[in-house]
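Below is one structure; the comments refer to it alone.
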Amino acid sequence: MSSPTKEELPRIDDCLKNELVGEHKLKHTETQEKLVLPSKTGMCIFIGF
């Protein structure tokens with residue numbers, strides 16, 4: 001079984017390609033950590049090991 005040639009691979013439609021690789025206008029947001037996950041030690045204390 002051989003790999004397909006470049007010509008045999010499926011093509012992406014131009015309108016979809018432009019949407020995928022074009023410029024995106026997204027608003028800038030600030031991220032903030034809301035919930036801190038417990039450490040391994042904290043989990044051992046919580047479970048009772």
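None of the figures in this text is laboratory data; all of them are computed from the coordinates on show. Nothing here was measured: the structure is a model prediction, and the numbers come from that model. Backbone-built Cβ (ideal geometry, glycine too); neighbour counts: all protein chains shown.
The table below gives the values:
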read-out	value
Contour excess over end-to-end distance, with Cα ends at residue 45 and residue 27 and 0.36 nm allotted per residue	2.3 nm
Viscosity 1.002 mPa s, 20 °C: Kirkwood-radius Stokes-Einstein D of the chain over Cα pairs, µm²/s	125
Listed residues 37, 24, 1: farthest to the positive end of the dipole of the chain (Cβ charges)	37
Mean Cβ neighbour count within 10 Å, used as a protection proxy, ranking 25-38, 3-16 highest first	3-16, 25-38
Computed [θ] at 222 nm, helices only, for the chain once each DSSP H run of length n ≥ 4 contributes -39500 (n - 2.57)	-9000 deg cm²/dmol
